[in-house]
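Notes follow the structure.
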Amino acid sequence: MSLEEIRQSLDNPRLDRKTVLLNQKERLRERARETEAMIRAIDVALAAIDGSHKKGVMNMEELFEGFNPSQYEEEARNRWGTSDAFAEAGKRTKGYSPDDWKAIKAEQAALYEGAYAALKAGKSSSDADVMDIAERHRLSIDRWFYPCSHRMHRGLASMYESDDPFRQGIDAHGEGLAAFLAEAIRANASRHGTEAPKE
């Protein structure tokens, strides 16, 4: 909500103003947590860069704290090597600089931290704030890798749960996070009119 929308809601006697303000406060806190996570990730990357420069070498493993952009390349090629999405991801990522990969890592870390905070707070995967995180996750894929529709995102959710490397990679940010995020992605897809395919 904008400040103007908050002001108008306060002037509307039929609205539960306290609930509106509490909900808005929680959304702002969630954004602040995500921003803080991104800042921490960037600080770590900057420290790694400074340390590597002092040694006179840029160690990519150190820079990305174990984050290896090509970690799943062979598996992805076997699964989707002929798909338009795989071709588009290859085209986009080929030109990415270390700064681009740092930004991707920071963005992912913030999304996962926000989702795990919601999981720990006992929120449902279909909670509006949690579905908003799932939507930002989809948009991140869409921005950095390939066009990611809600239908495609729903398909990725199943992979996050069933594929060991993907599940373990996400759960490294918090136990049970992969399943929670997958459910949030499916709930968000349904919210946007994309239901599960018929059996």
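The values are calculated or read from the model by the stated rules, or taken from the named source; none is laboratory data. All figures in this text were calculated on a predicted structure; none of them were measured in a lab. For neighbour counting, all protein chains shown are included, and Cβ atoms are generated from backbone atoms with ideal geometry for every residue, glycine included.
The table that follows gives values for the structure above.
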| read-out | value |
| --- | --- |
| Residue that is without any contact (Cβ under 8 Å) to a residue 40 or more places away in the chain and assigned to a helix (DSSP H, G or I), where the choices are Leu139, Leu111, Leu119 | Leu139 |
| Residues satisfying the stated conditions in the range 171-199, i.e. β-branched (Val, Ile, Thr) and at pLDDT below 90 | Thr194 |
| Among (1) in contact (Cβ under 8 Å) with a residue 60 or more places away in the chain; (2) crowded, with 20+ Cβ neighbours inside 10 Å; (3) more than 14 Å from the chain's Cα centre (by Cα), the one test that Pro165 misses | (2) |
| Selection within the range 68-115 - at pLDDT below 85, among the aliphatic types (A, V, I, L, M) and under 24 Å from Arg136 (Cβ atoms) | Ala76, Ala85, Ala89 |
